[in-house]
């Protein structure tokens with residue numbers, strides 16, 4: 001007896017040095033076990049292929065509306081930590097990806113979906129984008145770790161204590177997104193192309209350095225930054241950039 005194939009929840013595509021992950025679990029792209037597993041598998045493959053940028057997008061009316069409450073209410077106390085760890089594995093994989101990760105948000109990004117967008121390095125919003133940290137509406141907490149790092153403590157307190165919905169224009173004003181556009185996919189691809197043209201080791205070092213230095217006293221952060229500068233100054237990509245500068249041509253970076 002044949003069994004139906006499991007539903008595809010994420011479509012992965014590669015074009016040059018850029019990967020695209022399209023969430024496809026209609027109608028709301030809820031964070032299910034299948035969707036988490038598909039995202040992690042695709043990110044592992046993209047990392048192995050040394051892609052330089054990854055775009056996370058959706059094809060429906062929601063970017064991602066967070067966890068499925070039908071799953072959450074069934075959790076026993078013993079299962080809660082594993083449930084939370086499964087979400088964080090995806091968020092950490094996005095944040096820790098060696099290249100840039102970009103969220104192309106055009107629709108609802110609520111709760112865990114808001115966290116999914118915050119875990120990406122760059123966020124671009126379509127006109128229909130809506131963001132909300134809804135934990136306070138459910139007697140829970142969400143995004144206290146990442147939101148303040150993205151937009152500051154004042155913004156984080158406003159959004160997380162009220163649970164209010166932020167539309168695209170306000171999200172831009174608050175610093176949640178880099179831009180608001182009529183064509184979010186085109187803008188995300190444009191930014192991905194720009195980052196993919198930069199030195200890969202430098203992109204990775206800037207990502208890691210920003211997060212590491214945010215936890216350090218200023219003097220230690222400056223010392224770390226200088227150490228990374230000296231390390232990167234010895235790389236082939238830096239030498240290529242200097243040669244290209246004097247030859248008046250675009251550099252060709254290899255990640256070495």
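Bear in mind these aren't lab numbers, they're just calculated from the coordinates by the rules spelled out. This structure is a prediction, so every number in the text was calculated from the model and none was measured. Neighbour counts are summed over all protein chains in view; Cβ atoms, including those assigned to glycine, are modelled from backbone coordinates with ideal geometry.
Some observations on this one:
- Label positions at residue 144 and residue 247, each projected 7 Å from the Cα along the C-beta direction, are separated by 5.4 nm.
- Compared with the direct C-alpha span, the chain from residue 8 to residue 75 gains 21.6 nm at full extension, assuming 0.36 nm per residue.
- Note on residue 210 and residue 44: with the Förster distance fixed at 22 Å, the Cβ-Cβ geometry gives a FRET efficiency of about 0.40.
- Gyration tensor (alpha-carbon) shape descriptor, region 15-82, a/c threshold 1.5: oblate
- Linear extension gain, residue 24 paired with residue 170, 0.36 nm per residue minus alpha-carbon span: 49.9 nm
- Ordered by the number of other Cβ atoms lying within 10 Å of each residue's own Cβ, fewest first, 122, 55 fall into the sequence 122, 55.
- Based on alpha carbons, the Rg and Dmax found for region 145-256 are 18.4, 55 Å.
- Per-peptide average of other Cβ atoms within 10 Å, ordering 171-179, 75-83 highest first: 171-179, 75-83
- Cα gyration tensor, region 59-109 - rounded (a/c under 1.5), prolate or oblate: oblate
- Burial order of peptide ranges 198-207, 245-254 (average beta-carbon count within 10 Å, highest first): 198-207, 245-254
- Taking every DSSP helix (H) stretch of at least 4 residues in the chain, weighting each as -39,500 (n - 2.57) and dividing the sum by the residue count yields a mean residue ellipticity at 222 nm of -15000 deg cm²/dmol.
- Only one item in (i) 18.5; (ii) 20.0; (iii) 19.4 matches Kirkwood radius over Cα pairs in Å derived from the coordinates shown, and that item is (iii).
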